[in-house]
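Below you'll find the structure, written out as structure tokens, and then a few comments.
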């Protein structure tokens, strides 16, 4: 049975105090109801130690939202994978569409970041996905294939086992649009097929693939009912307990 995962991506939101309050509320709710999935809070770098210090570690994990390509040195503002792990993070998001577009992160940059994260014992939520233009041109399959191949397919079997894939249709992030459950299943199945072609069916069958395009309480059950959708990477709905917890409770 592959792992089912709901990961909240807070992005650049919440002060440390607000983040602590939100994490406490989620943590308390999970003491009452234990879902059959792994729950991860991917918080700003400044929040990691504070949030990690107040959660039940059998209920919640903390993740970072990015890491540096550098180990250490004169790189003002950068945060290394080693620093993330030392602060209490156990996961890190890499390749998010916002990082790819706003920070111009290339496949080679992401390949380096993947190596740094694995070196420092972080599990990786690796994002792939196509723009609206690419979707309408019928290139969505080839786009995700190339994103996987260029940044991940150099890994050993054991290293790839520490990767979670998050499919994010870029056209559905923050727009209120959502891929239909059939569309989500179609491309999740294609991602798994692509992994199987490189690593074999057994490894592909163990890889968790999350849907990252405006999953919410209204569509979560239909989406996670699809055979190749193993949970979600949640954006806006992760910023309040009353919108995040119903998604978790779908499991």
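Before moving on, here are some points about what is shown:
- The one condition in (1) surrounded by 22 or more Cβ atoms within 10 Å (Cβ to Cβ); (2) out of contact with any helix residue (DSSP H, G or I) (no Cβ under 6 Å at 6 or more places or on another chain); (3) part of a helix (DSSP H, G or I) that residue 198 fails to fulfil: (1)
- Against the criterion of being under 18 Å from the mean Cα position of the chain (by Cα) and surrounded by 15 or more Cβ atoms within 10 Å (Cβ to Cβ), residue 208 qualifies.
- Selection from the stretch 31-55 of residues that are touching a helix residue (DSSP H, G or I) at 6+ places or on another chain (Cβ under 9 Å) and at pLDDT below 95: 33, 35
- Residue in the stretch 140-162 that is surrounded by 15 or more Cβ atoms within 10 Å (Cβ to Cβ), under 29 Å from residue 28 (Cβ atoms) and within 17 Å of the chain's Cα centre (by Cα) present: no
- Verdict on residue 47 being touching a residue at least 12 places away in the same chain (Cβ under 8 Å) and touching a strand residue (DSSP E or B) at 6+ places or on another chain (Cβ under 6 Å): no
- Residue that is surrounded by the most Cβ atoms within 10 Å (Cβ to Cβ), among those in the stretch 57-81 that are out of contact with any strand residue (DSSP E or B) (no Cβ under 9 Å at 6 or more places or on another chain) and over 25 Å from residue 107 (Cβ atoms): 57
- Qualifying residue in the stretch 213-235 (condition: free of Cβ contacts under 8 Å to residues at least 24 places away in the same chain and farther than 21 Å from residue 3 by Cβ): yes
- Among residues of the stretch 231-251, those that are modelled with pLDDT of 95 or more, touching a strand residue (DSSP E or B) at 6+ places or on another chain (Cβ under 7 Å) and more than 17 Å from residue 182 (Cβ to Cβ), counted: 7
- Top-ranked residue in the stretch 57-69 [being part of a loop (DSSP other than H, G, I, E, B) and modelled with pLDDT of 95 or more; ranked as farthest from residue 29 (Cα to Cα)]: 69
- Top-ranked residue in the stretch 1-27 [being free of Cβ contacts under 8 Å to residues at least 60 places away in the same chain and part of a loop (DSSP other than H, G, I, E, B); ranked as farthest from residue 96 (Cα to Cα)]: 1
This table checks each residue for (1) surrounded by 14 or more Cβ atoms within 10 Å (Cβ to Cβ); (2) at pLDDT 95 or above; (3) on the phi > 0 side of the Ramachandran plot; (4) assigned to a helix (DSSP H, G or I).
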position	(1), (2), (3), (4)
187	yes, yes, no, yes
190	yes, yes, no, yes
215	yes, no, no, no
226	yes, yes, no, no
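- Residue within the stretch 88-96 that is under 30 Å from residue 225 (Cβ atoms), modelled with pLDDT of 95 or more and surrounded by fewer than 19 Cβ atoms within 10 Å (Cβ to Cβ) present: yes
The values are calculated or read from the model by the stated rules, or taken from the named source; none is laboratory data. Computed from a predicted model, the values in this text were never measured in an experiment. Every residue, glycine among them, receives a Cβ derived from its backbone with ideal geometry; neighbour counts consider all protein chains shown.
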